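Trainee: Before anything else, here's the structure in question.
Any read-out appearing in this document is the output of simple, stated calculations on the displayed coordinates, not a laboratory observation. As the structure is a computational prediction, the values presented were derived from the model and not from experiment. Backbone-built Cβ (ideal geometry, glycine too); neighbour counts: all protein chains shown.
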Amino acid sequence: MSTIISKQNIPVGSTFLNDVLAGLTAERKSLSSKYFYDEIGDHIFQQIMEMEDYYLTNAEMEILQHQTEQIADVIAADPSAFDLIELGAGDATKSVHLLQSLINRQLEFTYLPIDISRHVIEDLEENLPKKLPTLKVEGLNGDYFAMVKKAKTLSSRRKVLLFMGANIGNMNVAEAEEFCKALRNELSAEDLLIIGFDLKKNPRQILAAYDDAAGITKSFNLNLLSRINRELGGDFDISKFDHYASYDPESGACKSYLISLSDQLVNIGDETIRFHANEHIYMEISQKYSLPEVSEIAASSGFIPVAHFFDQHQYFVDAIWKV
Ligand code: AVI
């Protein structure tokens, strides 16, 4: 089947193009943060995770470093063999601690990292065996739900799902609930979900994590406009947009926007998009939760909380839920 190409050489029907145009021609302009992660975006996100202000990485790392044995105890309470499936595995820096502990216990399991990036999966399959030679790894490249379904066809062993890094925060509360319900529907009675939530805390601290003085988060957001220029033939002038982050302590919603600094026209493919001065593009939500709100999400999506693991400051929680 031949692909129809538009005059800008963009495959017609490209999801990225369609999503970008739908978002920027809507009354309230938005772009999806799932498109942040091209190669450059991955690199900038790595820099964000190394920032002093971005407390989330260290908080969850502390949990994995110091409470891995207790987490492994919950998993090993059922002695049967299992598949450990990680959604959005990245470079697995945090999960390595848990993997090591499960290996030390000589538990029978296979690690199935799922990532949308083929590059990430190839790296994991190549590098993890160097760190953990006896680990059985089977990388799955693709969409979370399609790959969880595929994992279920590969073995009938019980499943332990890992969804860490506060990735659930990049959905609003209703979307998070729908997502957890959909995960619940894929799981059976003996399965577990280990899921990381960033907790509500001093609003200034949260805002600082998403509005760093060095402008790394700003470049993370602006990179999506550059990506549109690179991949969709857009002509955004990046210098004419600023980054703005806000945090609402009541709802727990931390939101990022790009603000148009002037009246301007931007061309993407065959479309011309008008921006007014000070008009915003909604870019990303990083939802924060209280512990009762975490348990509400568990209950409304059909899970039962089994255990909670916090860092010493209670900035972050890794919750274990059963079905
Ligand atoms: C990937 N995700 C959990 C990050 C977050 O904290 O929402 C993405 C991010 N956006 C800006 N800084 C980090």
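Trainee: Nearest 500 deg cm²/dmol is fine: what mean residue ellipticity at 222 nm does the chain get from its DSSP H runs of n ≥ 4 alone, each adding -39,500 (n - 2.57), divided by its residue count? Mind showing how you got there, number by number?
Mentor: Details: 11 runs with 128 residues, N = 323.
One gets -12000 deg cm²/dmol as the mean residue ellipticity at 222 nm.
Trainee: Below 8 Å between Cα atoms, with a sequence gap of 6+, how large is the relative contact order for the stretch 86-164 in percent?
Mentor: Numbers: 90 pairs, mean separation 29.3, N = 79.
Once normalised by length, the contact order is 37 percent.
Trainee: Next up: Enumerate the amide H contacts of Lys200 below 5 Å, restricted to partners 5 or more residues apart or on another chain; note that Pro and chain-start residues carry no placed amide H.
Mentor: Tyr289, Ser290
Trainee: Then there's this: How much net charge surrounds Leu31 when only the other residues with a Cβ under 9 Å from the Cβ of Leu31 are counted, with Lys and Arg +1 and Asp and Glu -1? Each step should come with its number before you reach the end.
Mentor: Values: positive: Lys29; negative: Asp19, Glu284.
That sum, taken over residues with Cβ under 9 Å, equals -1.
Trainee: Using θ = phi - 60° and the Karplus relation 6.51 cos²θ - 1.76 cosθ + 1.60, list the HN-Hα couplings for the stretch 25-33 in order, rounded to whole Hz, with x at every Gly or Pro.
Mentor: 9, 6, 4, 9, 5, 8, 10, 8, 5
Trainee: For the stretch 1-146, what is the percent of antiparallel DSSP beta bridges, rounded to the nearest 5? Provide the component values of the computation, followed by the final result.
Mentor: Details: 1 of 11 bridges.
Looking only at bridges with both residues in the stretch 1-146, the antiparallel portion is about 10 percent.
Trainee: I would also like to ask the following. Compute the angle between helix 144-154 and the longest alpha-carbon principal axis of the chain, please, reported from 0 to 90 degrees and rounded to the nearest 10.
Mentor: For 144-154 against the chain, the angle is about 30 degrees.
Trainee: If you stretched the chain out fully between Ser226 and Ile304, how much longer would it get, using 0.36 nm times the residue separation minus the C-alpha to C-alpha distance? If you can, show how the numbers build up before the last one.
Mentor: On the way: separation 78, 0.36 × 78 = 28.08 nm, distance 4.30 nm.
Stretched out fully, the Ser226 to Ile304 stretch lengthens by 23.8 nm.
Trainee: Also, quick follow-up: To make sure I understand, if each residue's beta carbon is the centre and we count other beta carbons within 10 Å, what order do Thr25, Thr134, Thr217, Thr110 fall in, fewest to most?
Mentor: Values: Thr25 12, Thr134 7, Thr217 23, Thr110 17.
Fewest-to-most Cβ neighbours within 10 Å comes out as Thr134, Thr25, Thr110, Thr217.
Trainee: Over 27 Å between C-alpha atoms is what I'm after, so list which of Lys152/Lys288; Lys94/Lys288; Lys159/Lys255; Lys94/Lys152; Lys29/Lys152 land there. Walk me through the numbers on the way to the answer.
Mentor: Details: Lys152/Lys288 31 Å; Lys94/Lys288 21 Å; Lys159/Lys255 33 Å; Lys94/Lys152 24 Å; Lys29/Lys152 38 Å.
As for pairs spanning more than 27 Å Cα to Cα, those are Lys152/Lys288; Lys159/Lys255; Lys29/Lys152.
Trainee: May I pose another question? Let me make sure I get this right: for the stretch 10-93, a, b and c are the square roots of the gyration tensor eigenvalues over alpha carbons, sorted descending. Under 1.5 in a/c it's rounded, otherwise prolate if a/b > b/c, else oblate. Which is it?
Mentor: Verdict is prolate for the stretch 10-93.
Trainee: How large is log10 of I(q)/I(0) for the chain at q = 0.08, 0.10 Å⁻¹ when the intensity is taken from the Debye formula with one equal scatterer per alpha-carbon?
Mentor: -0.40, -0.63
Trainee: Over the chain, what is the relative contact order in percent, taking alpha-carbon pairs closer than 8 angstrom and at least six residues apart?
Mentor: Numbers: 553 pairs, mean separation 67.1, N = 323.
Relative CO of the chain lands at 21 percent.
Trainee: Starting from the amide H of Asp311, placed 1.01 Å from N in the peptide plane, find each other amide H under 5 Å away whose residue is 5 or more places distant or on another chain.
Mentor: Those lying under 5 Å, H to H, from Asp311 are Phe316.
Trainee: Here's a follow-up. Can you give me the Cα centroid spacing of the stretch 150-173 and the stretch 119-133 in angstrom?
Mentor: When both Cα centres are located, 19 Å separates them.
Trainee: Mind jotting down the distance between the C-alpha centroids of the stretch 184-245 and the stretch 17-44, whole Å?
Mentor: Their Cα centres are 11 Å away from one another.
Trainee: Right, next: Given Cα pairs under 8 Å that are at least 6 residues apart, what percent is the relative contact order of the stretch 226-305? If you can, show how the numbers build up before the last one.
Mentor: Values: 115 pairs, mean separation 19.9, N = 80.
It rounds to 25 percent for the stretch 226-305.
Trainee: Give, as a single signed number, the net charge of other residues whose beta carbon lies under 13 Å from the beta carbon of Ala72, with Lys and Arg counted +1 and Asp and Glu -1.
Mentor: -3
Trainee: Please report Thr15, Thr68 as a ranked list, fewest other C-beta atoms within 10 angstrom at the top and most at the bottom. Could you put the intermediate results ahead of the total?
Mentor: On the way: Thr15 9, Thr68 21.
Final ranking by Cβ density, sparse to dense: Thr15, Thr68.
Trainee: Around Phe82, what is the net charge, scoring Lys/Arg as +1 and Asp/Glu as -1 over all other residues with Cβ under 9 Å from its Cβ? It would help to have the intermediate numbers written out before the result.
Mentor: Numbers: positive: Arg157, Arg158, Lys159; negative: Asp78, Asp83, Glu108, Glu190, Asp191.
Charge balance in the 9 Å sphere: -2.
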